[in-house]
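Peer 1: Could you have a look at this structure, given as structure tokens, before my questions?
The values are calculated or read from the model by the stated rules, or taken from the named source; none is laboratory data. In this text, all values refer to a predicted model and were calculated from it rather than measured experimentally. Cβ coordinates were reconstructed from backbone atoms using ideal geometry, including for glycine residues, and neighbour counts include every protein chain displayed.
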Amino acid sequence: MNARTPHARTLHAEDLDAAEEFLRLNARLIDRHRFAYHFRGGPVEAVAAALRPYENPDGGYGHALEPDLRGEASQPVPAQHALEILHEAGLDGDPAVQRIGDFLTAITRPDGGVPFVLPTVRDAPRAPWWQTPDDPPSNINPTATLAGLLHLMKADHPWLGPATEYSWAYLEKEGNEPGPYDALAIWTFLEHVPDRTRAETVLERVRDALLPHVALEPDGEGHSPLDFAPAPGGLGPRLFDGALIEAHLDALIDARLDDGGWTVGFPFFTPVTEPEWRGYVTVERLKTLRAYGRLEP
């Protein structure tokens with residue numbers, strides 16, 4: 001399903017213009033450059049340059065690249081965001097990818113995984129749900145996401161082997177109960193890990209643990225199917241049929257606010273995070289609509 005179905009609702013050029021104006025008024029520079037790259041033919045060099053100030057000397061990322069982490073110190077989830085931005089800009093071979101691998105190696109636990117968040121999070125303002133013990137254990141989120149992204153990018157870094165084995169071990173162990181964001185991490189890993197036969201087998205075994213975190217009704221609680229299938233193809237059709245995806249695409253169009261942008265479904269812990277998150281997610285929503293043929297050229 002890479003083109004819109006007959007009579008499907010779409011956004012048009014004036015809607016894209018409204019989103020651009022929303023971003024100009026509210027969004028971070030990096031998200032304005034992301035929009036320009038994807039929808040206005042903007043230079044990839046501008047995306048790379050806007051990402052660079054978030055990088056630390058250790059190869060990791062901080063400085064509120066993840067808006068809910070306001071500190072300067074490198075954390076695993078901002079490294080995930082950096083990989084996502086590099087990949088979407090076609091920068092899989094950028095030297096920053098190897099530096100991220102070096103950072104992840106430095107924080108990896110003996111079992112091959114990385115923690116959800118490091119104790120340095122306590123040194124700066126952050127959303128209250130970012131908590132950690134003094135010696136945080138490995139976590140499938142974001143280890144599986146980071147491994148999946150690096151596989152997608154065809155990265156060659158020593159960190160990737162142990163992280164992949166950690167992710168397989170988690171998925172093949174009985175009794176694990178993934179939370180909502182664990183489910184997204186697992187999905188990213190299974191989408192991109194090279195061993196497709198093993199991925200298909202594991203998906204069949206864990207699908208019942210993933211589905212409770214998906215709101216199958218467009219007005220339901222939980223992740224949208226579009227969070228798991230932001231573009232046609234991949235594993236999406238294994239869990240979500242075409243009619244369900246179309247219904248959620250309609251709901252996504254309906255969710256656009258009068259100012260031309262979208263918002264997120266979780267609280268803002270400080271005022272600045274609202275425009276930062278809204279700018280980021282507006283670019284993401286437009287990318288999804290275009291991927292499914294719901295954004296007129």
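Peer 1: Given the residues GLY265, GLY222, GLY234, GLY242, which is the only one that is surrounded by fewer than 17 Cβ atoms within 10 Å (Cβ to Cβ) and in contact with a His (Cβ under 8 Å, 6 or more places away or on another chain)?
Peer 2: GLY222
Peer 1: Only one of ALA89, ALA79 is in contact (Cβ under 8 Å) with a residue 60 or more places away in the chain and crowded, with 19+ Cβ neighbours inside 10 Å; which?
Peer 2: None of the other options fit; the residue is ALA79.
Peer 1: Going by the conditions given, is THR273 out of contact with any helix residue (DSSP H, G or I) (no Cβ under 9 Å at 6 or more places or on another chain), closer than 29 Å to PRO128 by Cβ and not acidic (Asp, Glu)?
Peer 2: It is true that THR273 is out of contact with any helix residue (DSSP H, G or I) (no Cβ under 9 Å at 6 or more places or on another chain), closer than 29 Å to PRO128 by Cβ and not acidic (Asp, Glu).
Peer 1: Follow-up question, since we're still on this one. Taking only pairs six or more apart or across chains, which ones have beta-carbon atoms under 6 Å, a first residue in segment 231-244 that is in contact (Cβ under 8 Å) with a residue 60 or more places away in the chain, and a second residue that is part of a helix (DSSP H, G or I)?
Peer 2: Listed by first residue and then by second, the contacts come to ALA231/ALA291.
Peer 1: Within segment 102-119, count every residue that is touching a residue at least 40 places away in the same chain (Cβ under 8 Å), in contact with a Ser or Thr (Cβ under 7 Å, 6 or more places away or on another chain) and surrounded by fewer than 16 Cβ atoms within 10 Å (Cβ to Cβ).
Peer 2: 1
Peer 1: Among the numbered criteria (1) touching a helix residue (DSSP H, G or I) at 6+ places or on another chain (Cβ under 9 Å); (2) within 23 Å of LEU171 (Cα to Cα); (3) among the charged types (D, E, K, R), which one does ASP208 miss?
Peer 2: (1)
Peer 1: Follow-up question, since we're still on this one. When ILE186 is evaluated against the numbered criteria (1) buried (at least 20 other Cβ atoms within 10 Å of the Cβ); (2) modelled with pLDDT under 95, which criterion, by number, is the only one it fails?
Peer 2: (2)
Peer 1: Looking at the structure I just gave you, is ASP241 at pLDDT below 95, out of contact with any helix residue (DSSP H, G or I) (no Cβ under 7 Å at 6 or more places or on another chain) and within 28 Å of GLU172 (Cβ to Cβ)?
Peer 2: For ASP241, the condition - at pLDDT below 95, out of contact with any helix residue (DSSP H, G or I) (no Cβ under 7 Å at 6 or more places or on another chain) and within 28 Å of GLU172 (Cβ to Cβ) - is met.
Peer 1: Between a first residue in segment 1-27 that is within 13 Å of GLU246 (Cβ to Cβ) and a second residue that is among the charged types (D, E, K, R) and at pLDDT 95 or above, which pairs have beta carbons less than 8 Å apart while being 6 or more apart in sequence or on different chains?
Peer 2: Pairs that qualify, where the first residue is within 13 Å of GLU246 (Cβ to Cβ) and the partner is among the charged types (D, E, K, R) and at pLDDT 95 or above, are ARG4/ARG294; THR5/GLU246; ALA8/GLU246; ALA8/ASP250; ALA8/ARG294; ARG9/ASP250; ARG9/ARG294; THR10/ARG294.
Peer 1: Please pick out the residue among ARG122, ARG99 that is surrounded by fewer than 17 Cβ atoms within 10 Å (Cβ to Cβ) and over 26 Å from VAL214 (Cβ atoms).
Peer 2: ARG122
Peer 1: When segment 257-283 is examined, which residues are found to be acidic (Asp, Glu), farther than 14 Å from ASP17 by Cα and out of contact with any Phe, Trp or Tyr (no Cβ under 8 Å at 6 or more places or on another chain)?
Peer 2: Correct list: GLU276 only.
Peer 1: Here is a list: PRO158, PRO178. Which entry is at pLDDT 95 or above, farther than 22 Å from PHE103 by Cβ and not in a helix (DSSP H, G or I)?
Peer 2: PRO178
Peer 1: Let me spell it out: the conditions are (1) under 21 Å from the mean Cα position of the chain (by Cα); (2) surrounded by 14 or more Cβ atoms within 10 Å (Cβ to Cβ), and GLU165 meets all of them except one. Which number is the exception?
Peer 2: Of everything listed in (1) under 21 Å from the mean Cα position of the chain (by Cα); (2) surrounded by 14 or more Cβ atoms within 10 Å (Cβ to Cβ), GLU165 misses just condition (1).
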